[in-house]
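Asker: Before anything else, here's the structure in question.
The values are calculated or read from the model by the stated rules, or taken from the named source; none is laboratory data. Remember, predicted model here, so these are calculated numbers, not experimental data. Ideal geometry is used to build each Cβ from the backbone, glycine not excepted, and the neighbour counts take in all protein chains shown.
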Amino acid sequence: MKRELFSWYSDALGQDMPIVSYGDYGFALLLVPTAGADYLEYERFQLIESLAPFINSGKIKVFSVNSVNKESWLNNEMEGAHKAIRHNQFSQYIFNEVIPFIKTNTSNETPIIIGGASFGALHSMNLFLKRPDLIDGVIAMSGVYDLTEYTKGFYDDQVYFNSPAHYIPNLADEWYLNNIRKSRHIHILTGSGDYEDPQGSRNISWVLNEKGIPHELDIWGHEWKHDWPTWRAMLPHYLETRF
């Protein structure tokens, strides 16, 4: 498996940001880490290994980025408004730096599917819904799509505009809605075992249904916990059966 490490100074974030890629060809799968983890998390927990057949066959080329959650929502020493500012800078980093980087390393026609588990699922869903013109679909695993679950009681306009469970019900802009509805790949997956919250997935599914947004909700059984064995099973299954 071809593996390459890259890094550059991000104008949006004001710091060096590393990124790793796996493979040569195929559509781009952009992975967003869980909670306070880094760009190598999916490799450390063998999820990349579980994707090896798809990478080696040229079905997908995987890119994994660093998070800044410890500098935003998970930083208990930071004011809520400052957490939101840092999070918005991360979004701009993805839209204005990472997406062009992926296009440069694939092609302008290469579809980009974004995905992640846990907090990475919320970020992935939010990033897709914000820029459906740049990102072609999402695979969100074991997520909760209400950002207030992470804000420790803080709520302002920026929390609202980064919380799909809050802003999608009020979204009326047909440009956004039409571009979101065009996607054939909005997949919301969750287990029902320990530490999973299948109701969070049901809630965002209901919100999307109310807006006429086609998607797939898939709730696995109680043997599937909020943990890496679940995600190592889910993601390869979806790459094999839906793409």
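Asker: With respect to PHE54, is the statement that it is of a type outside the set (D, E, K, R), more than 22 Å from ALA121 (Cβ to Cβ), in contact with a strand residue (DSSP E or B) (Cβ under 8 Å, 6 or more places away or on another chain) and surrounded by 13 or more Cβ atoms within 10 Å (Cβ to Cβ) true?
Answerer: Spelling it out, it is not the case that PHE54 is of a type outside the set (D, E, K, R), more than 22 Å from ALA121 (Cβ to Cβ), in contact with a strand residue (DSSP E or B) (Cβ under 8 Å, 6 or more places away or on another chain) and surrounded by 13 or more Cβ atoms within 10 Å (Cβ to Cβ).
Asker: Hey, among ASP136, ASP197, ASP157, which residue is under 30 Å from GLY58 (Cα atoms) and of a type in the set (Asp, Glu)?
Answerer: ASP136 is the lone residue from the list that is under 30 Å from GLY58 (Cα atoms) and of a type in the set (Asp, Glu).
For every residue, the table says whether it meets (1) among the β-branched types (Val, Ile, Thr); (2) closer than 22 Å to PRO236 by Cβ; (3) touching a residue at least 24 places away in the same chain (Cβ under 8 Å).
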| site | (1), (2), (3) |
| --- | --- |
| LEU5 | no, no, no |
| ALA12 | no, no, yes |
| GLY23 | no, yes, yes |
| ARG44 | no, yes, no |
| ILE48 | yes, yes, yes |
| LEU51 | no, yes, yes |
| ASN56 | no, yes, yes |
| VAL62 | yes, yes, yes |
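Asker: Within the bounds of the range 80-87, is there any residue that is out of contact with any helix residue (DSSP H, G or I) (no Cβ under 6 Å at 6 or more places or on another chain), among the hydrophobic types (A, V, I, L, M, F, W, C), in a helix (DSSP H, G or I) and in contact (Cβ under 8 Å) with a residue 24 or more places away in the chain?
Answerer: yes
Asker: Of all residues being within 19 Å of THR104 (Cβ to Cβ) and crowded, with 22+ Cβ neighbours inside 10 Å in the range 22-38, which is farthest from the chain's Cα centre (by Cα)? Just the residue, please.
Answerer: GLY23
Asker: Sort out which residues of the range 169-195 are surrounded by 15 or more Cβ atoms within 10 Å (Cβ to Cβ), in contact with a Gly (Cβ under 9 Å, 6 or more places away or on another chain), assigned to a loop (DSSP other than H, G, I, E, B) and in contact (Cβ under 8 Å) with a residue 40 or more places away in the chain, and write them in order of number.
Answerer: Correct list: SER183, HIS185, GLY191.
Asker: Filter the range 39-86 down to the residues that are in contact with a Ser or Thr (Cβ under 7 Å, 6 or more places away or on another chain) and modelled with pLDDT under 95, then identify the one that is nearest to GLU240 (Cα to Cα).
Answerer: TRP73
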